[in-house]
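Let me begin by presenting the structure, written as structure tokens, before commenting on it.
Every read-out reported here was derived from the displayed coordinates using simple, explicitly stated rules and does not represent laboratory data. Just so we're clear, the structure is a prediction, and the values are computed from it rather than from any experiment. Please note: Cβ atoms are built from the backbone with ideal geometry, for glycine as well, and neighbour counts cover all protein chains shown.
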Amino acid sequence: MRKYNIALLAGGNSSEREIALQSAAQVAEAFDKERYNVWLIDVCGRNFIYREGDQEFYIDLNDFSLPLDFDKTIYFDYAYIMIHGTPGEDGHLQGYLEMMKIPFSSCDMVSSVITFDKISTKRAVADTGVGLAKGMLLREEDWIAPEAIVAELGLPLFVKPNASGSSCGVTKVKSAEELPEAIFKAFDESPEVLVEECIVGREMACGILITAEREYLFPITEVVAKNEFFDYEAKYTAGMSDEITPADIAPEVAEKLNQMTVAAYKACRCKGLARVDFIVTPEGEPYLIEINTIPGMSSGSIVPKQIRAAGMTMTEVLNLVIEDTLCGNQ
């Protein structure tokens, strides 16, 4: 059986770089080594770097090959994207790989652009029945008085970068006086800022993979943050959140979450593994937070826990992702 050469693309150029490297290290261990030769490539700025001991080798971006010496060059059959933020989750890398005709593991360029942009995500799912919080989009040239924002959306509020991940730059605001600082903080991460009403409830994370053969809806996780919300510290600091899988929720709420997860995934034309996050009100109504098209895959991340809870292994799931996207592009 032929072994395919896979470029595992890691790192990236955002504030999520270190988390992406941790995720990639975990994924690298889980690949089926009998089927695939895996090359861990650090995407850093404009350089795609493969490291072997003290040596560094650079991907030739003209044809997405890896020259190792004068008479040995690796030609890749496939790219597995494990980069949170830019360029792996915002469509930049997908556009390049599509141009190079290299099949890859995640959403295509258009879908990635939509899901990385929170307001575009909301517009894409608006007619699907998925619950959405009221919000307001701000651009750098805009100035809206804090009192006007509060009058429109109430308090408390969430201020978020419109295009960012891992809750970087997100602030929960409890007064109009706190709004300007929170908005400036979000603008440090993104040229557009989304201000949303605060939906009170329990946070649920829903892992999903849809292949040509079937839909995989993994056991739902409830996230209980020790901080006021599931911010960067709560996500990536041990002991700062409890993640309960499967979540202790009523069957009808779980069914509603699963239906909305599928609806959001399909409305945004997602591919590969994704995680769709919701807030569920005390009345059992889910409201979409965001879609993560490159969810965290480190040992402490939510989706790997869900995969184990489903009685599957990471290797099995990686094989499903690769077979679905590789074979369909041969």
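Order of 202-208, 177-183 by packing, highest average Cβ count within 10 Å first?
202-208, 177-183
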Fill in the blank from the handout: Rounded to one decimal in nm, the spacing of the 7 Å Cα→Cβ label points at E98 and R308 is 3.6
Completion exercise
Ranked by GNM mean-square fluctuation in the chain (Cα springs under 10 Å), the top entry among T86, T128, T293 is T128
Practice task
Within 10 Å, count the other beta carbons around each residue, average over each peptide in 74-83, 57-66, and list them highest first.
Solution key: 74-83, 57-66
Practice task
Round to a whole angstrom and tell me the spacing of the C-alpha centers of the range 84-116 and the range 261-330.
Solution key: 16
Problem - Separation between Cα centres of the range 163-223 and the range 1-48, rounded to whole Å - result: 26
Problem - At R0 = 30 Å, FRET efficiency that the Cβ-Cβ distance of E152 and E285 yields, to 0.05 - result: 0.90
Handout entry: Nearest 10 degrees, 0 to 90: helix 17-30 Cα axis against the chain principal axis
Key = 50
Practice task
Determine ³J(HN,Hα), in whole Hz, for all residues of the range 275-283 in sequence, where each value follows from phi through the Karplus function 6.51 cos²θ - 1.76 cosθ + 1.60 and θ = phi - 60°; x replaces Gly and Pro.
Solution key: 10, 10, 9, 9, 9, 10, 6, x, 7
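Can you check what the net charge comes to around A151, using other residues whose Cβ is under 13 Å from the Cβ of A151 (Lys, Arg +1; Asp, Glu -1)? Don't jump to the answer; show the numbers that get you there.
Details: positive: K134; negative: E147, E152, E197.
With Lys, Arg at +1 and Asp, Glu at -1, the net is -2.
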Practice task
Set Lys and Arg Cβ to +1 and Asp and Glu Cβ to -1, take the dipole of the chain about its Cα centre, and tell me which of P87, A20, S105 lies farthest positive.
Solution key: S105
Exercise for the section: Subtract the Cα-Cα distance of R214 and I144 from 0.36 nm times their separation in residues, and report this length gain in nm to one decimal. Expected result: 20.5 nm
Practice task
Return the ratio Rg/(2.2 N^0.38 Å) for the range 11-170, where Rg is computed over Cα atoms only.
Solution key: 1.31
Practice task
Please grab the % of Cα pairs in the range 71-135 that end up more than 16 Å from each other.
Solution key: 54
Exercise for the section: Go from 0 up to the bin containing the longest alpha carbon distance in the range 135-197, width 10 Å each, and give me the % of pairs per bin. Expected result: 26, 61, 12
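Report the net charge of residues surrounding K122, where surrounding means a beta-carbon distance below 15 angstrom and charges are Lys +1, Arg +1, Asp -1, Glu -1.
Values: positive: K118, R123, K134, K160; negative: D117, D127, E192, E196, E197, D277, E290.
Result for the neighbourhood of K122: -3.
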Completion exercise
The simple spin-label model distance between L132 and N319, using points 7 Å out along Cα→Cβ, in nm, is 4.0
Exercise for the section: Enter the angle in degrees (range 0 to 90, nearest 10) between the Cα long axis of helix 251-267 and the first principal axis of the Cα atoms of the chain, meaning the one along which they spread out most. Expected result: 60
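Label the range 4-105 by shape, choosing from rounded, prolate and oblate, from the square roots a ≥ b ≥ c of the eigenvalues of the Cα gyration tensor; if a/c is under 1.5 it is rounded, and otherwise prolate applies when a/b is larger than b/c, oblate when it is not. Mind dumping the intermediate values first?
Details: a/c = 1.31, a/b = 1.20, b/c = 1.08.
Since a/c stays below 1.5, the shape of the range 4-105 is classed as rounded.
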Problem - K33-L61 FRET efficiency (beta carbon distance; Förster radius 30 Å; 0.05 resolution) - result: 0.65
Practice task
Mind giving me the nanometre distance, one decimal, between the label points for E252 and S299, set 7 Å out from Cα along Cα→Cβ?
Solution key: 4.2
Problem - Calculated log₁₀ intensity ratio I(q)/I(0) where the Debye formula runs over C-alpha points of the range 108-215, q = 0.22 Å⁻¹ - result: -1.32
